[in-house]
1. Here are some residues: Ser101, Ser114, Ser106. Which one is of a type outside the set (Lys, Arg), touching a residue at least 40 places away in the same chain (Cβ under 8 Å) and surrounded by fewer than 18 Cβ atoms within 10 Å (Cβ to Cβ)?
2. Which count do you get for residues in region 237-269 that are assigned to a strand (DSSP E or B), open to solvent by 10 Å² or more (accessible area, probe 1.4 Å) and in contact with a helix residue (DSSP H, G or I) (Cβ under 6 Å, 6 or more places away or on another chain)?
3. Pairs, please: C-beta under 6 Å, at least 6 apart or cross-chain, first residue over 17 Å from Val252 (Cβ atoms) and free of Cβ contacts under 8 Å to residues at least 40 places away in the same chain and in region 165-187, second part of a strand (DSSP E or B) and among the β-branched types (Val, Ile, Thr)?
4. Output the number of residues of region 167-181 satisfying the condition of being open to solvent by 20 Å² or more (accessible area, probe 1.4 Å) and either farther than 11 Å from Leu206 by Cβ or among the hydrophobic types (A, V, I, L, M, F, W, C) (or both).
5. Identify the single condition in (1) modelled with pLDDT of 95 or more; (2) in contact with a Ser or Thr (Cβ under 7 Å, 6 or more places away or on another chain) that Asp227 does not satisfy, given that it satisfies every other one.
6. Within region 270-292, take every residue that is among the acidic types (Asp, Glu) and part of a helix (DSSP H, G or I) and give me the one that is nearest to Ser188 (Cα to Cα).
7. Just checking, does region 127-136 include any residue being part of a loop (DSSP other than H, G, I, E, B), polar (S, T, N, Q), open to solvent by 20 Å² or more (accessible area, probe 1.4 Å) and at pLDDT below 95?
8. So Val223 fits all but one of (1) open to solvent by less than 60 Å² (accessible area, probe 1.4 Å); (2) over 17 Å from Ala16 (Cα atoms); (3) out of contact with any Lys or Arg (no Cβ under 7 Å at 6 or more places or on another chain); what number is the exception?
Amino acid sequence: MSTLTQEVFACMGNTADITVIGNPSLLEVARVRLGKLEQHWSRFISSSDVCALNQSNGAAVRVHPDTITLVRYLVDAQSKTNRFFDPTLLPSLVQLGYARSMTNASLVTQLDGSLRWGEPLAATTIDIENSTITLPTGLTLDPGGLGKGLAADIVASELRELGAEGVCISIGGDIRCSGTGPIDGAWSIPVASPFALSDILATATLFDGAIATSSLDAKTWSVGNTDMHHVLSPKTGLPLRKSAEQVIQATVIGAEAVWAEVFATVVLVAGVVEGFAQIETAGLAALAVFADGRCVESSHWKEYTE
């Protein structure tokens, strides 16, 4: 097998962990590419395309082609999940106290005017020829986990095109594997328990695919004596309540990290009845962990795990 190299670095408010089988210089290519995507997509970087869109008040904004791709996924994800995945919740998230980056306190989300949330993005105008986007007046976008998953997909594909025999990119729990892996040609991905990271709930074996884990504890903060987290109900705009019947962690396996991330969020928000119905329709596999410790698997989960 060719040389296996790995690098871990801060990226998109999370940690990126990249493994490349092949030319080690591709690690630097990945680092630079992810950095550029963050500059375009971050809601915390005032010069980003996303910030320009969020302050556009219904005006057309010229953006990088990568942002065109991002917004097309955001609009599609909201529609395909019956709005259980809702990227318009940023005004509520900021009002709840998550305006400042948790990894760089100098970066703060700036929102202007009277903004709405929880409404369809179907009226968004995407002009591919002129590379402009027009959001419905009063709506904003938060790429959130979808941006991480999409970035992993994009960079994994590009590294393979540049000659990598195999690549595995993890960005904050959103993982895309492509090409030859180090263990009998496959990639072995452990799924940790939300109660103790040292406890492994399952190990997924992927030859070319993706796995994403979303958790209520991934991003937390406090307002006074009230604990907050970043997964909001699209109906109330408030953090999901951690009752015994609440799913607190969801892991989804599929072909692309972007959709694995989207549907992991759906399982958290919608629960296993509606969430797993959408998982089955999309041809994915999922594992849900409840606050009381129960684990529930979708019908295809065992096809990928041991």
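The values are calculated or read from the model by the stated rules, or taken from the named source; none is laboratory data. In this text the structure is predicted, and so the values were computed from the model without any measurement. Don't worry about glycine lacking a Cβ; one is built from the backbone with ideal geometry, like all the others, and counts go over all protein chains shown. Accessible surface areas use protein heavy atoms only, side chains included; no ligands, DNA or RNA. Shrake-Rupley method; radii C 1.70, N 1.55, O 1.52, S 1.80 Å.
1. Result of the check over Ser101, Ser114, Ser106: Ser101.
2. Adding up the residues that qualify gives 1.
3. Short answer, once both residue conditions are applied: Ser178/Val167; Ala186/Thr205.
4. Total meeting the criteria: 5.
5. Checking Asp227 against (1) modelled with pLDDT of 95 or more; (2) in contact with a Ser or Thr (Cβ under 7 Å, 6 or more places away or on another chain), the one that fails is (1).
6. Residue satisfying both the conditions and the ranking: Glu280.
7. There is no residue in region 127-136 that is part of a loop (DSSP other than H, G, I, E, B), polar (S, T, N, Q), open to solvent by 20 Å² or more (accessible area, probe 1.4 Å) and at pLDDT below 95.
8. Answer for Val223: the failing condition is (1).
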